[in-house]
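Have a look at the structure below, then the notes.
The values are calculated or read from the model by the stated rules, or taken from the named source; none is laboratory data. None of these values were measured; they are calculated from a predicted model. Every residue, glycine as well, gets a Cβ built from its backbone with ideal geometry; the counts of neighbours run over all protein chains shown. Just the protein is used for accessible areas: all its heavy atoms, side chains included, with ligands, DNA and RNA removed. Shrake-Rupley method; radii C 1.70, N 1.55, O 1.52, S 1.80 Å.
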Amino acid sequence: MSTFTAEKKHHTMESQYNNNSNTISSPKNNETQLDPTMLSTWSHRAWLASGSTAVLLSLAKLAIGVTNSKDHNFWLVALSSTVACVVGFVVVDLASGVYHWAADNYGCASTPIFGYQAEAFQLHHEFPMRITRHEFVNRTHPFACVVTFLVLPIHLFWDHPIIHGFVGVFFGCVIFTQQFHVWAHGAKNQLPPLVVALQDLHILVGRSQHEAHHRPPYNCNYCVISGFWNAFLDKNKIFKALEKLLFLKFGVKPNSWS
């Protein structure tokens, strides 16, 4: 069953959910029973495990590298590695925005390689709460698969703690991007207290900021990790400039124009 068919199949249930916020538990249980595309499989679990292992290995190399540094270099390596972790977190938020913008505005189901993602991202605007009904492993495994193939080669060539500080944080956030996204759709009284605290501190993107993205024409607040970059990107119209550039160069209009 294609993603498009699955989305259309549950349009009625999505409408009922939006009209009655007290039916969160019931539709979720019923819908996952009806739609196997929302359930986790053993292959999903294997990909999440492999991606997570690759990230944890980077974090382990970070810790070992800092611990084993010579006395006169310890604080320098520790500080540099900490900065690398922070930079990784800041950069991954920007990367999430660029990827989100591209998937929202360009491509379709028939686009090679990224067609599935483009279709899913674009239909998310029509069915915004459906993402919350996928099981955790089901929603996180696609990026974990990508992380596995990107991070494991890094382990073959580099062991420096600064590199692995960046890699561990950046790709760790990549794996859990969709979970952060799901939390941005949740009401505070339904989220874990730690998540609410992180959202209030703007370490994770919150519902109030992400809601703006779900208003037509869906052309702002693309970043879904911390949302740190959203104000800068929107105020300076970075994505609008890129859209005009792509239109002038290739004649392709983004979906946000229509």
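Quick rundown of the values:
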item	result
Flag for residue 63 being surrounded by 14 or more Cβ atoms within 10 Å (Cβ to Cβ), out of contact with any helix residue (DSSP H, G or I) (no Cβ under 7 Å at 6 or more places or on another chain) and over 30 Å from residue 237 (Cβ atoms)	yes
Filter result (in contact (Cβ under 8 Å) with a residue 40 or more places away in the chain and either touching a strand residue (DSSP E or B) at 6+ places or on another chain (Cβ under 6 Å) or at positive phi (or both)) within region 97-140	none
Answer from 196, 146, 169 - the residue that is aliphatic (A, V, I, L, M), open to solvent by 20 Å² or more (accessible area, probe 1.4 Å), part of a helix (DSSP H, G or I) and touching a Lys or Arg at 6+ places or on another chain (Cβ under 9 Å)	196
Top-ranked residue in region 217-244 [being without any contact (Cβ under 8 Å) to a residue 40 or more places away in the chain, open to solvent by 60 Å² or more (accessible area, probe 1.4 Å) and part of a loop (DSSP other than H, G, I, E, B); ranked as farthest from residue 126 (Cα to Cα)]	236
Residue that is surrounded by the most Cβ atoms within 10 Å (Cβ to Cβ) [pool: residues in region 172-193 that are out of contact with any Gly (no Cβ under 6 Å at 6 or more places or on another chain) and β-branched (Val, Ile, Thr)]	174
All positions within region 34-55 that are open to solvent by less than 20 Å² (accessible area, probe 1.4 Å) and more than 22 Å from residue 174 (Cβ to Cβ)	35
Residue satisfying all of: in region 18-68; in contact with a Phe, Trp or Tyr (Cβ under 8 Å, 6 or more places away or on another chain) and modelled with pLDDT of 90 or more; farthest from residue 160 (Cα to Cα) among these	40
Checking residue 80 against (1) under 28 Å from residue 182 (Cα atoms); (2) small (Gly, Ala, Ser); (3) in contact (Cβ under 8 Å) with a residue 60 or more places away in the chain, the condition it does not meet	(1)
